[in-house]
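These notes are about the structure you will find just below.
FYI, it's all coordinate maths here, none of it is from the lab. None of the values given here were measured: they were computed from a predicted structure. Here the Cβ is made from the backbone with ideal geometry for all residues, glycine too, and neighbour counts use every protein chain on show.
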Amino acid sequence: MTATLLATKRVEKPWGRHTLWPGFSDPAPSSDPIGEVWFQTPDAGTPDLLIKYLFTSERLSVQDHPDDATAQRAGYPRGKDECWLILAAEPGATIALGTRTPTTKEALRAGALDGSIVDMLDWKPVTAGDFLYSPAGTVHAIGGGITLIEVQQNVDLTYRLYDYGSDRELHLDSGIAVADPNPFVPRPVVGQVEEGRTILVEGPKFVLERWAGGERDVSLPDGVTGWLVPMHGDGVVGGVAWRAGECVTVTGDAIVIAGAGADLLFAYPGTTRI
């Protein structure tokens, strides 16, 4: 068994914040706001998953992502399904997923060009504890005033459809080609509780579990890496200590010992739970 405490990459964003989340030091008031924290593996390869925290003060761009087949045709290793666990949300905070009514790709393009795409989207209120799964092709935008953890297929491939008049590059041809122009149909959260773990996602791209404190045996198949993401509390795995605001990867067989009151996510690629 190998356990590795991952390095953190703090990403400055204009829509970020100067007040982050317990476990993360706040940036200086005079510095640029932090919008994302990424957890990076030390190897030169590209791991299957990427874990991020997001801290938003305003709406992010309207965007979507390709599926595996489309991304691979473009030379990327995979597409991008992603999911979000809301840690905190200001009153009135929203996330847009899909359109309010069925439309067409041509109408989406026109809306992206004149800005009306923002009103075409279905903005839903979110609160702490909400969980959302966004498959590839879903047109979406994360609103302001939200702190969340994002678990995603690891690929740097985002098609930006609209960015509120900024000078950042848009990707209308690629983004509209993969967009689903229909209302979003949520995937049912598995929600099954077994042996102290709650299964949030079970495939098709990864499995995501939520654990409470205590001791847990983990046995991962050869070649499969698991990501342990503590949201609250601290503990140890394979002789590596961890605490909230960090992330540890594990391979092989491991014993995770989490303190009372700990709240953890555990993610690994695959279609079914181990």
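Sort the following peptides by mean Cβ neighbour count (other Cβ atoms within 10 Å, averaged over residues), highest first: 161-169, 253-261, 149-157. Don't jump to the answer; show the numbers that get you there.
Numbers: 161-169: 13.4, 253-261: 15.3, 149-157: 18.2.
So the order, starting with the most tightly packed, is 149-157, 253-261, 161-169.
Highest GNM mean-square fluctuation among Glu90, Glu246, Glu195, for the chain modelled with Cα contacts below 10 Å: Glu195.
Can you tell me the FRET efficiency between Val190 and Asp263 if r is taken as the Cβ-Cβ distance and R0 is 22 Å, rounded to the nearest 0.05? The partial results should precede the final answer.
Numbers: r = 18 Å, r/R0 = 0.81.
Efficiency for this residue pair is about 0.75.
Computed from phi, the 3J(HN,Hα) profile of the stretch 192-198 under the Karplus parametrisation 6.51, -1.76, 1.60 (θ = phi - 60°) reads 6, 9, 8, 6, x, 10, 9 Hz, with x in place of Gly and Pro. In sequence order, the stretch 251-264 has phi-based couplings of 9, x, 9, 8, 10, 9, 10, 10, x, 4, x, 5, 9, 10 Hz under the Karplus curve 6.51 cos²θ - 1.76 cosθ + 1.60, θ = phi - 60°, and Gly or Pro positions carry x.
Under 5 Å from the amide H of Cys247 lie the amide H atoms of Leu6, each residue being 5 or more positions distant or on a separate chain, with H modelled from the backbone and absent for Pro and chain starts.
Just so you know, the Cα atoms of the stretch 1-137 work out to an Rg and Dmax of 17.4, 54 Å. Once Cα Rg over 2.2 N^0.38 Å is calculated for the structure shown, the corresponding label among (i) 1.26; (ii) 1.00; (iii) 1.21 turns out to be (ii). Only Cα sites of the stretch 120-274 enter the Debye sum here, all with the same form factor; the resulting log10 I(q)/I(0) across q = 0.19 1/Å is -1.25, listed in q order. Report summary: the helix-based calculation at 222 nm, which adds -39500 (n - 2.57) for every DSSP H run with n ≥ 4 and divides by the residues of the chain, gives -2500 deg cm²/dmol.
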